[in-house]
Amino acid sequence: MSRKFSFKNPFYLIGLSLVVGVVLGALLYGTVKLEEKVEAKMFEISTSDIFHIAQNSAKTITSLLNTQESYVTQIQRNTLLQQEIEAHLRILPTKNIKYAYLLYRDARGVFRFLADASAPFEKALLNQKLDVTSPAWNEIYEKKEPLIIRHDFLKALSISYLTPLLNNQEVQLVLAIDFSVEKVESINTILAFMKTTLLTTIGIMVLFFIVLIVQTYRYVVAKKSAYIDKLTNTYNRNYLQELEEFINLGDYALAALDIDHFKKVNDTYGHHAGDMILKDVASIILANTRKKDDIVIRYGGEEFVILSKIKRTDHASPLNIFERIFTSIQAKAFHVSNSDTLHITVSMGINLALNQSRTFSDAFKLADIALYNAKHRGRNCIEIYEENKNSHKHTHLTIGEINVAIEEDRVVCFFQQIVHTQSKKLSHYEALLRIVDKDGSIITPSKILPAIKGTFVLRNITKRVLEICYATLCRHPAICINVNLNPQDIINETILDLLKEYAKEKNIAQRIGLEIVESEEFMHYKHADENLLMLKSLGYTISIDDFGTGYSNFVYLTQIQTDFIKIDGDIIKNIVEDKVSLAVVKSIVNFAKEAKIQVVAEYVCNEEIYNIVNSLGIEYCQGHYFSIPKASPA
């Protein structure tokens, strides 16, 4: 289910707020960096000349001194030398250069004046102490190179530029020049305004974001209340009306469920009892659907809509979910009072092909048509909508047609003989599935099974075939019948319970053979082999059908202790002319003899095939050479 962008949803506003906040933060960061770049450029332009002046002055002072003696001692002893140096320093001050002075550091690490170019009322005395404001001043004695010490004020950059005077690679004097660089007032004002504005805006955004989160929480609570049916805790019709246009029709199967004769329940037991039933029905639906994948909606009154997610690997899941809901409601006793219970039924209309409709509304109408048909057929049933339901041009029966055939008792069995190869005498029968169409024609499994693979309808078909065979065995106590089971039947509790019930009766399980098509899928079913061994212990014989084509696992045959191998008819029919087919049959027969497993050859349709089968020592044969399938084993 998708969503369209809408400012009605506060989650989008939260996202937008985050984006705006990030943009504003980036602007603030850019403003700070711009200010730093402007100051750096101003500093570079304003100081380049001063640095040259300081370095030249240091060279001039050095030229006045004798490198053979201490510079400090020379100046302290020679007043004329001091005055000459001060005279040179007095030419340095300008509008920006405030002070120029010569220093030395004494043995205790204190900086003291040797010469000062300041005005007389500001001038420092010889050896007067200078209180430095930063420990960075001492670094010049370690690095022995010019040092810049910055003092940042609101309207100007104040700088102390220190130049070392070296003697014998040691710093003996320090020429200090204090100057300032005026900031460009207009730029400074603009940048300060931008920073203030951005900080204020970000503050407002933070408050807005907090308020938005609170409002979003309230929105979610309100929306949930508006979308949830208070009685059943399912979604309500409001939810469907707002979101139906965003439902991806290809992702879901749809069922419309209606409680049969619900008005009578209300009229007989009261509305309180009706509400209790609605709550219990909704609980059953929710318990049998997948919380993350399926959507349950109380559409109105006693009607529910179920959207079941179709998974790529398991297209039968929605249909099985709908059937599980149907049977769970049938099985439950609903309380209508403290002492009374009531069994109710439901009708279901199913649309498995929503993607064939243009809109959800159109798809729902088709499910509603199926629901109407279910009610028209007497209620308490599932009706599956199919476009070509009334057309007989299609090659396979639809799920709906097969389901109706089961309900109308048009599922029958034909019986084909399986004979002893040497004597050609009857051994037992195989029950073959057939459906009698409404026009009286007989429909074979190839047109039945493809549509219902993996669905509850397949289980119902198997159950019906077992019931027919059981009844036939009861009428004919001297015969044995083989029944075909699908791999899913071996792990289906309904089929297993039915076989367990039959085994309780005398001489029934011993006369029923279970034929299973071996497949890799079957091998991976959990408990499949355990269930086969359990059925053998009850007296049933096990045959592996269609052996030799597709997936054939010889080791697995011994693990499940199979009684018979039925060699696939597609191999048997070619053994006269195809040497490879004959070789395959020989290898199967040789393995079976070693494993003490009996072999049945299917599709023995003429005398040539029969003679080869007989010569190979195959114990049993089946095919038109002996008999065709008939409606009765007698």
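The values are calculated or read from the model by the stated rules, or taken from the named source; none is laboratory data. Since this is a predicted model, take the numbers as computed values, not measurements. Cβ atoms come from the backbone with ideal geometry, glycine included; neighbour counts cover every protein chain shown. Just the protein is used for accessible areas: all its heavy atoms, side chains included, with ligands, DNA and RNA removed. Shrake-Rupley method; radii C 1.70, N 1.55, O 1.52, S 1.80 Å.
Scan the stretch 91-107 and tell me whether some residue there is in a helix (DSSP H, G or I), open to solvent by 40 Å² or more (accessible area, probe 1.4 Å) and charged (D, E, K, R). So far as the stretch 91-107 goes, no, none of its residues is in a helix (DSSP H, G or I), open to solvent by 40 Å² or more (accessible area, probe 1.4 Å) and charged (D, E, K, R). The single condition among (1) assigned to a loop (DSSP other than H, G, I, E, B); (2) among the acidic types (D, E); (3) free of Cβ contacts under 8 Å to residues at least 12 places away in the same chain that D497 does not meet is (1).
Screening the stretch 394-483 for helices (runs of 4 or more DSSP H) wholly inside it with 1 or more residues that are modelled with pLDDT of 90 or more, at negative phi and crowded, with 17+ Cβ neighbours inside 10 Å returns the ranges 399-407, 456-475.
Applying a threshold of 9 Å to beta carbon distances and a minimum spacing of six or more residues, or different chains, the list of pairs starting in the stretch 114-141 at a residue that is open to solvent by less than 70 Å² (accessible area, probe 1.4 Å) and ending at one that is part of a loop (DSSP other than H, G, I, E, B) and of a type in the set (S, T, N, Q) reads L114/N127; D116/Q128; A124/S118. Here is the figure for the stretch 345-373: residues that are under 31 Å from the mean Cα position of the chain (by Cα) and either assigned to a loop (DSSP other than H, G, I, E, B) or crowded, with 17+ Cβ neighbours inside 10 Å (or both) total 15. Within the stretch 74-90, the set of residues being open to solvent by 40 Å² or more (accessible area, probe 1.4 Å) and outside any loop (DSSP other than H, G, I, E, B) comprises Q76, R77, T79, L80, Q83, E84, A87, H88, R90.
Is it the case that some residue within the stretch 544-564 is surrounded by 15 or more Cβ atoms within 10 Å (Cβ to Cβ) and touching a residue at least 60 places away in the same chain (Cβ under 8 Å)? Yes: one or more hits.
Annotation: of all residues in the stretch 150-183 being modelled with pLDDT under 80 and of a type in the set (S, T, Y), the one that is most open to solvent (accessible area, probe 1.4 Å) is S158.
Total residues in the stretch 556-594 satisfying the condition of being more than 23 Å from L533 (Cβ to Cβ) and in a loop (DSSP other than H, G, I, E, B): the figure is 7. Please work out which residue is least open to solvent (accessible area, probe 1.4 Å), limiting yourself to the stretch 514-543 and to residues that are aromatic (F, W, Y) and at pLDDT below 80. In this case the residue turns out to be F522. Taken over the stretch 575-590, residues that are under 23 Å from N484 (Cβ atoms) and touching a helix residue (DSSP H, G or I) at 6+ places or on another chain (Cβ under 8 Å) amount to 2. Residue-level check: of (1) assigned to a strand (DSSP E or B); (2) open to solvent by less than 40 Å² (accessible area, probe 1.4 Å), I321 misses just (1). In contact with a Leu (Cβ under 9 Å, 6 or more places away or on another chain), among the small types (G, A, S) and within 17 Å of L175 (Cβ to Cβ) - does that describe any residue in the stretch 71-89? Within the stretch 71-89, none of the residues are in contact with a Leu (Cβ under 9 Å, 6 or more places away or on another chain), among the small types (G, A, S) and within 17 Å of L175 (Cβ to Cβ).
Within the bounds of the stretch 607-615, is there any residue that is open to solvent by 30 Å² or more (accessible area, probe 1.4 Å), of a type in the set (D, E, K, R) and in a loop (DSSP other than H, G, I, E, B)?
No, that holds for no residue.
Of all residues being part of a loop (DSSP other than H, G, I, E, B) and closer than 14 Å to A255 by Cβ in the stretch 294-315, which is least open to solvent (accessible area, probe 1.4 Å)? Just the residue, please. Out of the qualifying residues, it is D294.
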